[in-house]
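Student: First, the structure itself, so that you have it in front of you.
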Amino acid sequence: MTPYFAYGSNMLTARLRARVPSTMPVGPARLADHRLAWRMAGPDGSAKCDITPAPGEVVHGVLFRLAEAELPLLDAAEGLGEGYDRETVTVTTTDGEAVPALVYRALVHDPDRHPYDWYKGFVVAGAREHGLPADYIADLEAVTSAADPDRKRAAANFTLQGGSDGADAI
């Protein structure tokens, strides 16, 4: 099983498992000397999460294990080579264990975009599901989001989060 560090919408186990069936959560982890940025230029016109070097800062996320044979599924979902590139970083678990893990870094940036409300909902729900620090979750909740003009896509994504529409989302 391959270690993978999720810091964005893939923190929500149901979302990641829908993409990669072998997904097994290990637990919370953190990536030192980086910060979370909502700057990846998504093909749908919105912003997605990215990580960027930032000395002294920390990105909280979730460590998962995935079947290596299913990595092409995650690569496809992340738009490997077009949306994100894959690399290995070292994350630290809550037990203090340093673990080399795969991570995706955005290739195309647009800091003027905002995430769609359903995408932000995935990020916040994943952070809550795995018990990330309350102040970190509050920072995620404070991010400005926009309504997705494609209401069918929005409804499908809210359903995966457990809600029926934006009113029920996080």
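Student: Give me the dipole magnitude in Debye, nearest 20, for the chain about the Cα centre, with unit charges on the beta carbon: positive for Lys and Arg, negative for Asp and Glu. Walk me through the numbers before you get to the answer.
Tutor: Numbers: 16 positive and 24 negative charges, 55 e Å.
In total the dipole reaches around 260 debye.
Student: Can I ask one more? If R0 is 45 Å, what FRET efficiency do you get for residue 69 and residue 134 from their C-beta distance, rounded to 0.05?
Tutor: Values: r = 37 Å, r/R0 = 0.82.
For R0 = 45 Å, the calculated efficiency reads 0.75.
Student: Stick to Cα atoms and the Kirkwood definition of Rh, then tell me Rg/Rh for region 24-85.
Tutor: Details: Rg = 13.3 Å, Rh = 13.2 Å.
Taking Rg over the Kirkwood Rh, I get 1.01.
Student: When the C-alpha atoms of region 90-134 are aligned to their principal axes, what extent does each axis show, in angstrom, from largest down?
Tutor: Projected onto its principal axes, the Cα set of region 90-134 covers 36, 26, 14 Å.
Student: Near residue 84, within a Cβ-to-Cβ distance under 10 Å, what is the net charge of the other residues, with Lys and Arg +1 and Asp and Glu -1? Spell out each step's value before the answer.
Tutor: Values: positive: 48, 86, 105; negative: 50, 75, 78, 82, 85, 87.
Charge balance near residue 84 sits at -3.
Student: If R0 is 25 Å, what FRET efficiency do you get for residue 92 and residue 18 from their C-beta distance, rounded to 0.05? Spell out each step's value before the answer.
Tutor: On the way: r = 28 Å, r/R0 = 1.10.
That gives a FRET efficiency of 0.35.
Student: Could you tell me how far the Cα centroid of region 83-152 sits from the Cα centroid of region 1-30, in Å?
Tutor: 11 Å
Student: Here's a follow-up. What percent of all Cα-Cα pairs in the chain falls in each 10 Å bin, counting up from 0?
Tutor: Reading the bins upward from 0: 11, 41, 40, 9, 0.
Student: Based solely on its DSSP helices, what 222 nm [θ] is calculated for the chain when runs of n ≥ 4 H residues each add -39,500 (n - 2.57) and the sum is averaged over all residues, nearest 500 deg cm²/dmol? Don't jump to the answer; show the numbers that get you there.
Tutor: Values: 5 runs with 46 residues, N = 170.
Computed ellipticity for the chain at 222 nm equals -7500 deg cm²/dmol.
Read-outs throughout are calculated quantities, based only on the coordinates presented, and are distinct from any laboratory measurement. A quick note: this is a predicted structure, and the numbers were derived from the prediction, not measured. For neighbour counting, all protein chains shown are included, and Cβ atoms are generated from backbone atoms with ideal geometry for every residue, glycine included.
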